[in-house]
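Report on the structure given below.
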Amino acid sequence: MTHKIMAAILRKCGKQDGGEMGWRNETSPPSPLGGAEFLIIIMANMSAVQQFILVGFPGFQDRESKLVFSIFFLVAYLLICLGNLTIIATFTLDENLHKPMYVLICNLAILDITFSSVTVPKLLAVFMFDFNMIPYAACFMQLFFYLALGTSESFLLMLMAYDRFVAICNPLLYPTIMTNKVILKQITLCWVGGLLTPVLPLILAFRLPFCGPNKVVHCFCDHSSVLRLACADILINSYVALTIALSVLLIPLAYIVFSYTRIIASVVKIATSEGRLKAFSTCGTHLLVICIFILTAAGVYISYRIPGTSEDIRIMAAVLQNVIPPLINPIIYCLRTKEIRDSFVKTVKRGKLLSH
């Protein structure tokens, strides 16, 4: 049955040239893609390419390099889980932290764990055990959740900047504007917006025929890397994905920079020199991690349009964007936040007392 389907497609497809596939025959001009032909493409996708091969870093295929990457990403992933689970547990056990700012920090911790868990376990399987095969459906699921959770985190970071902006620049209105009920609705919008954003790029990608090449030059199923394997013109897919990606990354970044600029301006007017130094330190740290997350992701998308860009550098940037912010966020939002730090110490002491 599979061979018959493929034969039917080969009869209808012109020869592949430069990644474009035309629908033509010898005696008639191209005709619109009909429902039956579209069904054949979908079936061909599932029969011609049933799984992809994740190459990893093309320039680091030796065993020693893979061992170094394995150790680094394993330790990083364990620390990500430990740090963010600590924040979630501390927030859950202490009702005094059930306030808008800490609700946001807890949701950021949840996003950080899920976002890194979409890619890092598979990345470790590739480096540690050379388990580099991933089924067609699983690849597209990983692609979807990677885009969805990354977008949700971008929206959530913008919401956190808005929360701090209102708290510092309009402190008298803050209890009215930012209640737990309001913040939960806004967080829900961040999650829903993140889940809806990649739907169009995913539908466009799923319609493409994958008729042979199946080596993804990446550590996980990245959208642009998967598109390059399609046996069709991907120009529309590329521009749609780039437009959406830059919109959900740079618009939140612009608002975050605006908010922190206003916050710093407000603090400079009213704070002492020590308070100003603390404000600059806190805002600077937050902006640094946010820029690593957002600007690195934007750079990775743009790099696919720049000829000669190193594949290894691009892949490393994408992986670090997936690992470094979730690793650092518990430090800057937990250890440097006095209320969470004190609550964690009390929780630990209470646990020790209960154990005796």
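Sorted by packing (mean other beta-carbon atoms within 10 Å per residue), highest first, where do 112-124, 318-330, 300-312 land?
So the order, starting with the most tightly packed, is 318-330, 112-124, 300-312.
In nm, to one decimal, how far is the VAL192 label point from the ILE177 one, both placed 7 Å along Cα→Cβ?
2.2 nm
With a 1.4 Å probe and every protein chain left in place, tell me how much accessible area MET158 has, in Å² to the nearest 10.
Approximately 50 Å² of MET158 is accessible to the 1.4 Å probe.
Treating each Cα of the range 109-149 as an identical point scatterer and ignoring solvent, apply the Debye formula and state log10 I(q)/I(0) at q = 0.18, 0.19 Å⁻¹.
-0.52, -0.58
What FRET efficiency, computed as 1/(1 + (r/R0)^6) with R0 = 25 Å and r the Cβ-Cβ distance, is obtained for ARG341 and LEU78, rounded to the nearest 0.05?
Efficiency computed from Cβ-Cβ geometry: 0.70.
Starting from the Cα-Cα distance between LEU277 and GLU311, subtract it from 0.36 nm times their residue separation and give me the gain in nm to one decimal.
Contour length minus Cα-Cα distance gives 8.2 nm.
Round to the nearest 10 and report in Å² the accessible area of LYS349, as given by a 1.4 Å probe over the protein chains' heavy atoms.
Surface open to solvent at LYS349 totals about 130 Å².
Can you work out the PRE-style zone for PHE258? Point 7 Å along Cα to Cβ, and I want the residues of the range 181-205 with backbone N under 19 Å.
190
Past the 19 angstrom mark, what percentage of all C-alpha to C-alpha distances in the range 121-185 do you count?
It works out to 56 percent of all Cα pairs.
Extending each Cα 7 Å along its Cβ direction at ASN96 and THR243, get the distance between those two points in nm, one decimal.
According to this spin-label approximation, the distance is 5.1 nm.
Can you give me the Cα centroid spacing of the range 183-239 and the range 256-321 in angstrom?
25 Å
Mind jotting down the three principal axis lengths of the range 111-244 based on Cα atoms? Whole angstrom, largest first.
62, 37, 20
7 Å from Cα along Cα→Cβ at both VAL199 and LEU250: what's the point-to-point distance in nm?
Label at VAL199, label at LEU250, 2.6 nm between them.
The values are calculated or read from the model by the stated rules, or taken from the named source; none is laboratory data. Quantities reported herein were computed from a predicted structural model and do not represent experimental measurements. Methodologically, a virtual Cβ is constructed for each residue, glycine included, from the backbone with ideal geometry; neighbour enumeration extends over all protein chains shown. What goes into the accessible areas is simple: the full protein's heavy atoms, side chains included, and nothing from ligands, DNA or RNA. Shrake-Rupley method; radii C 1.70, N 1.55, O 1.52, S 1.80 Å.
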